[in-house]
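S.K.: The structure that follows is given in the form of structure tokens.
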Amino acid sequence: MDIRYTDKREFSEKEAEELFLSVNWESGKRPALLYKALQNCESVFTAWDGERLVGLANVIDDGAMTAYVHYLLVRPEYQGAGIGRELLSLVKKRYKDFPYLFLVAENPPLVGYYEKQGFEKIGERSVMAISKK
């Protein structure tokens with residue numbers, strides 16, 4: 001498997017939709033909004049197997065201190081091949097001078113994965129949101 005990584009936004013709305021739906025993420029059900037969001041955030045890294053979008057990480061930042069990994073996803077059939085780890089490596093490299101790099105692990109089994117990538121749990125803090133579904 002020869003995976004190519006890029007920080008160019010060379011994916012289509014349909015490719016983003018298919019990737020997000022492959023992992024059953026709600027965002028994939030709003031392809032136009034998802035595409036617009038990905039085009040307007042500060043950083044997007046993608047993983048490609050030939051012409052197929054197989055992974056993506058995006059980051060929202062304030063330009064100086066804090067960056068948030070908003071999405072990190074890999075198609076199920078590509079999981080376990082180090083693609084997520086490489087996408088996070090690209091994120092960490094880009095934001096190495098930022099004092100804070102955060103992400104939210106909404107899925108408890110992923111906490112261990114993120115800990116292996118250098119992230120640590122911060123106490124018993126709660127994720128808070130206003131969601132307009």
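S.K.: Within the stretch 18-29, which residues are open to solvent by less than 100 Å² (accessible area, probe 1.4 Å), closer than 20 Å to GLU106 by Cβ and not hydrophobic (A, V, I, L, M, F, W, C)?
M.R.: Answer for the stretch 18-29, where residues must be open to solvent by less than 100 Å² (accessible area, probe 1.4 Å), closer than 20 Å to GLU106 by Cβ and not hydrophobic (A, V, I, L, M, F, W, C): SER22, SER27, GLY28.
S.K.: Moving on. Show the residue pairs meeting these rules: Cβ distance below 7 Å; 6+ apart or different chains; first residue within the stretch 79-100 and more than 17 Å from PHE20 (Cα to Cα) and touching a residue at least 40 places away in the same chain (Cβ under 8 Å); second residue open to solvent by 100 Å² or more (accessible area, probe 1.4 Å) and not basic (Lys, Arg).
M.R.: So the pair list comes out as ALA81/MET1.
S.K.: Among the listed residues ASP7, ASP2, identify the single one that is open to solvent by 30 Å² or more (accessible area, probe 1.4 Å), of a type outside the set (Val, Ile, Thr) and in contact with a strand residue (DSSP E or B) (Cβ under 6 Å, 6 or more places away or on another chain).
M.R.: Of ASP7, ASP2, the one residue that is open to solvent by 30 Å² or more (accessible area, probe 1.4 Å), of a type outside the set (Val, Ile, Thr) and in contact with a strand residue (DSSP E or B) (Cβ under 6 Å, 6 or more places away or on another chain) is ASP7.
S.K.: For the stretch 35-113, list the strands (runs of 3 or more DSSP E) that sit wholly inside it and hold at least 2 residues that are surrounded by 15 or more Cβ atoms within 10 Å (Cβ to Cβ), at pLDDT 95 or above and small (Gly, Ala, Ser); which are they?
M.R.: So the answer is 43-49, 52-61.
The values are calculated or read from the model by the stated rules, or taken from the named source; none is laboratory data. Quick caveat: nothing in here was measured; it's all calculated off a predicted structure. Methodologically, a virtual Cβ is constructed for each residue, glycine included, from the backbone with ideal geometry; neighbour enumeration extends over all protein chains shown. Note: accessible area is taken over every heavy atom of the protein model, side chains too, but ligands, DNA and RNA are not part of it. Shrake-Rupley method; radii C 1.70, N 1.55, O 1.52, S 1.80 Å.
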